[in-house]
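First up is the structure itself, then whatever we jot down about it.
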Amino acid sequence: MTALTQLSQAIHDAPRWHQEDQFQNPQEIKIVPLAGEALGAAVFGLDAKKAQSGETILRLKQALAEHLILIFKQQSIDDFQYLAFASYFGSIFRPSSDTPVLATQSDTGTPPDVVPVSNAVGQGDYTGYGELAPHADHQWTPLPSFGSLLYAIELPKDGGQTSWYNTIKAYDALDDETKQHLDTLQLITYNPFVRFQSNKGAPKDGGYGTFPKYRFKDQPVIGHAYPHPLVRTHPESGRKALWLNTHNEVELVNYDDQAGSELIAKLRDHILKPEFHYEHHWEQGDIVFWDNQATLHSRRPFPADQRRLLKRISLAGGRPY
Ligand code: OGA
Ligand code: MN
């Protein structure tokens, strides 16, 4: 028989419902919304190594659609167990080789299914130690990821907190006239990894802000453009979310340059208001699972000489509408 891929092996080896000692009792699981925060719920009593019931997965999917991020505490899993757990919620995000993304490998043209996000040189230092500006993972691709998970393995003493922004609340807070106008617009988000490719990798100290934040029509187009709605409808809840990151190069389709860049700048300031924001202070063993369709996330910088290792899995999504 041929050797299995990591993902097939993970599903092959995963515990099943009939193995009593490896089956998660749904009654042990508590989902607790974060008090006073703009989004998020903590999940207690769930061991991601175990086989999960249909009831549990449905509860988690509903909680994710409602709270937009789920924080699983005190996990201890390997990459296979991590893949098996994440796969309950959908297919692994695998962009085609015409679309570079974080951790795209030069030999395969695609990223690994489990991406190390670290600052250890040569061991997954794709994002270095700098600040990461608010973004939704893979927004610039033809079929963006619906959600991602990060699992904290090694943490720095200082900094490195990750924040999430509730872009459903940001949309809801706009006045009706603005909402009606935004509902008609399409937005292109240009792929920063096309630029990074020609610059030989992303800057390790952040520096994402050095690229233009809005493309004027006299400026070159870098890479392929995939217009998506500026306001997207959440596939499960039907709620509308502003679908705009704060620092990458974007362009409103068929829109005046000056008016477009001013509108986008105003919306970006709006999204960053504290009432839409939650900052996560990581503990080793946390897995955070978030919805890329209705949130942005960012990271504070941390000292280059303190190790930080998280592992990310992104899940495939449908075409935004
Ligand atoms: C990511 C990401 C944030 C962090 O891996 O997609 O944005 O805190 N990471 O490292
Ligand atoms: Mn990210």
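Here, each number is a calculation from the coordinates, and none is a lab measurement. All of these numbers come straight from a predicted model, not from anything done at the bench. Quick reminder, even Gly has a Cβ in these numbers, built from the backbone with ideal geometry, and neighbours come from all protein chains shown.
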Exercise. Work out the FRET efficiency for residue 20 and residue 154 from their Cβ-Cβ distance, taking R0 = 35 Å, and round it to the nearest 0.05.
Key: 0.55
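Would you work out if the chain is rounded, prolate or oblate? Take a ≥ b ≥ c from the square roots of the eigenvalues of the alpha-carbon gyration tensor; rounded if a/c is under 1.5, else prolate when a/b is larger than b/c, oblate otherwise.
prolate
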Quiz prompt | Top positive-direction residue, dipole computed over segment 173-314 with Cβ charges, set 306, 193, 178 | solution = 306
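Between residue 255 and residue 178, 0.36 nm times their residue separation minus their Cα-Cα distance comes to what?
Difference between extended and current length: 26.2 nm.
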Quiz item: Where is the GNM fluctuation largest for the chain (alpha-carbon springs, 10 angstrom cutoff): 169, 266, 240?
Solution: 266
Quiz prompt | Estimated inter-spin distance, residue 1 and residue 53, nm [label 7 Å along Cα→Cβ] | solution = 3.1
Practice problem: May I ask for the Rg/Rh ratio of segment 168-271, computed from Cα atoms with Rh as the Kirkwood radius, given to two decimals? | Solution: 0.99
Quiz item: About its Cα centre, what dipole magnitude does the chain give when the only charges are +1 on Lys and Arg Cβ and -1 on Asp and Glu Cβ, stated in debye to the nearest 20?
Solution: 220
Exercise. List the relative contact order of the chain as a percent without decimals, with contacts defined as Cα pairs under 8 Å and 6+ residues apart.
Key: 30
Practice problem: Determine which residues of segment 121-158 fall in the zone a paramagnetic label at residue 76 would reach in this model, i.e. backbone nitrogen under 16 Å from the point 7 Å along Cα→Cβ. | Solution: 152-154
Practice problem: Go through segment 224-293 and name the chymotrypsin sites (Phe, Trp or Tyr not before Pro) that are in a DSSP coil and have 16 or fewer other Cβ atoms within 10 Å of their Cβ. | Solution: 255
Practice problem: Enter the Cα centre distance for the pair segment 33-55 and segment 138-181, rounded to the nearest angstrom. | Solution: 18
Practice problem: Taking the chain as the reference, fit the longest principal axis to its C-alpha atoms, fit the long axis of helix 54-67 to the helix C-alpha atoms, and give the angle between the two in degrees, 0 to 90, nearest 10. | Solution: 30
Quiz prompt | Two-site FRET efficiency, residue 306 against residue 194, from Cβ-Cβ distance with R₀ of 22 Å, rounded to 0.05 | solution = 0.10
Practice problem: Of the listed pairs 266/311; 49/157; 61/266, which have alpha-carbon separations greater than 31 Å here? | Solution: 266/311; 61/266
Quiz item: Which angle between 0 and 90 degrees, to the nearest 10, do you get for helix 257-271 versus the longest principal axis of the chain when only C-alpha atoms count?
Solution: 40
Practice problem: Report the trypsin sites (Lys or Arg not before Pro) located in segment 21-98 that are in a DSSP loop and have at most 10 other Cβ atoms inside 10 Å of their Cβ, or state none. | Solution: none
